[in-house]
Amino acid sequence: MAGNKGLPNHADLQPYNHAVAGHDGTLSDPNGELFIKPCVQQEIDFYEKANQHHPEFAALMPVYIGTLSLNDVTDVDSLNEQLPGISDHMSQGLKEEAVLRAKEAAIAKATAETAESPVDIAWKPNKTRKIPTNRSVVLQNSTHGFKKPNILDAKLGRRLWADDAPMEKRKRFDEITKVTTNGSHGFRIAGMRVYKGSDNPEELDADGYRVYNKDYGRFQVNKDNVVQEMRKFIFNKTAGIDADLGRAVAQAFLEDLKRVEHVLANSETRMYSASVLFTFEGDGEALRAAIEENNALVDDVEQGTKELVSDLDRAQEKAPEIDVQAIAGAIEGDVKVVELMGDVDSERDEENEEELSNMPRIYSLKLIDFAHAEWVPGQGPDENSLFGVRSLIKIFEEFAQ
Ligand SMILES: Nc1ncnc2c1ncn2[C@@H]1O[C@H](COP(=O)(O)OP(=O)(O)O)[C@@H](O)[C@H]1O
Ligand SMILES: [Mg+2]
């Protein structure tokens with residue numbers, strides 16, 4: 001993570017606008033390195049336990065930087081006190097925005113509390129799309145460093161509700177499972193965005209993306225067309241991502257999905273409605289250039305840096321004669337390099353770090369959304385989430401061929 005880059009103008013500050021699903025109110029810093037999301041305590045606990053006790057699992061998650069505790073009396077000074085580590089990464093503008101959001105959230109929470117009479121236990125969907133909480137989790141933004149990030153949120157599980165869910169919620173979610181690919185495949189597309197994802201300019205947003213909202217995975221995608229629909233995410237001639245390049249990206253995702261399967265199968269968790277967040281460079285030209293630049297870095301590293309030898313070995317093993325596979329092998333090795341460098345706890349010197357944080361990204365795959373996740377020692381692996389991950393593996397195996 002790069003250090004303090006100085007205070008940007010308030011005008012530079014933007015709400016995070018690459019979320020493809022989920023609640024409103026997410027923020028990012030002006031450099032786009034951080035993703036800040038209002039969340040419940042359960043999600044914070046899950047991140048903290050993962051980071052303390054389960055490093056292999058933590059490596060599948062966005063880097064956890066910390067939490068922000070905000071309420072209606074929070075001001076910027078108290079933020080600085082709360083966040084000796086994080087405040088270096090936050091501009092004055094971002095802090096002011098965070099304080100403002102905290103006040104709004106506190107008001108929303110108070111309103112929700114007074115509106116709820118104790119006898120009214122019926123569960124109602126959250127229509128405001130804001131989480132009534134004053135805590136936020138601060139994460140590494142997985143879309144940072146991409147020129148045109150294509151993003152897909154795959155919500156995992158056939159069962160989508162946790163043990164503490166009220167009956168109404170269970171029924172509603174079970175109905176969703178019945179009619180969506182959550183039932184047939186153990187995941188559904190909760191949201192997706194594809195750069196130049198249509199030839200018809202009217203179907204693109206102002207930034208050139210085709211955005212598929214939550215209704216897409218609910219009502220348009222089904223067990224018969226899901227593979228075809230997901231192809232639209234990976235293969236996109238209009239943006240210069242041809243069959244070869246698409247296959248290479250699919251191969252890279254496939255490797256990471258297998259890693260997720262392995263770690264989940266060896267962990268004792270229960271996650272309901274967690275997601276796999278797929279991100280990759282959606283601009284074909286930028287994607288090709290990123291692969292080349294990464295390849296060049298791998299060559300450099302190959303000559304000098306002992307620390308990366310084992311990653312490089314893997315990349316070389318995977319670099320057979322056929323072009324596509326060569327790209328895939330290179331991507332895999334390269335991304336490992338980038339991720340090693342991107343980590344906050346990297347021991348590399350600053351110059352090296354600066355160079356690495358400027359590297360163009362190729363792809364990223366992360367597990368996210370742990371609002372209904374917990375560690376369950378002694379209870380074995382989470383077969384409900386694993387079923388979805390295994391379906392994704394099958395689909396990406398097909399794409400990688
Ligand atoms: N670390 C992250 N980096 C970038 N984008 C993220 C990150 N975490 C979540 N998102 C985006 O925000 C959306 C909602 O996040 P999620 O954790 O699922 O929250 P919710 O509980 O509101 O569903 C995701 O679909 C994704 O697009
Ligand atoms: Mg979500």
**Item:** Descending semi-axes in whole angstrom, ellipsoid equivalent of segment 149-229, from the Cα gyration tensor
**Value:** 28, 13, 10
**Asked** Just going by the charge dipole of segment 137-225, with Lys and Arg at +1 and Asp and Glu at -1 on Cβ, which of Gly191, Ala165, Leu204 is farthest out on the positive end?
**Response** Ala165
**Item:** Net dipole in debye of segment 166-229 [+1 Lys, Arg Cβ; -1 Asp, Glu Cβ; about Cα centre; nearest 20]
**Value:** 480 debye
**Spacing of the two label points (7 Å from each Cα toward its C-beta) at Val376 and Asn225, in nm** = 3.5 nm
**Fill in**
Log entry: pair-distance distribution for segment 160-278, C-alpha pairs binned every 10 Å from zero, whole % per bin is 12, 34, 35, 16, 3
**By average C-beta atoms within 10 angstrom, highest first, the peptides 53-61, 151-159** = 151-159, 53-61
**Asked** Gap in Å between the Cα centre of segment 152-181 and the Cα centre of segment 191-226?
**Response** 22 Å
**Fill in**
Computed ³J(HN,Hα) along segment 37-52: with the Karplus parameters 6.51/-1.76/1.60, θ = phi - 60°, integer Hz and x for glycine or proline, the list is 10, x, 8, 8, 4, 4, 5, 4, 4, 5, 4, 5, 5, 4, 6, 7
**Residue exposure sequence - Trp161, Trp375 - by fewest surrounding Cβ within 10 Å** = Trp375, Trp161
**Request:** Report, to two decimal places, the Cα Rg of segment 359-399 normalised by 2.2 N^0.38 Å (N = number of residues).
**Result:** 1.57
**Complete:** Of 175-184, 272-281, 218-227, ordering from highest average Cβ density within 10 Å down gives 272-281, 175-184, 218-227
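Since every read-out is calculated from the coordinates, none of them should be taken as a lab result. As the structure is a prediction and not an experimental result, all values here were calculated from the model. Neighbour counts run over all protein chains shown; Cβ positions are idealised from the backbone, glycine included.
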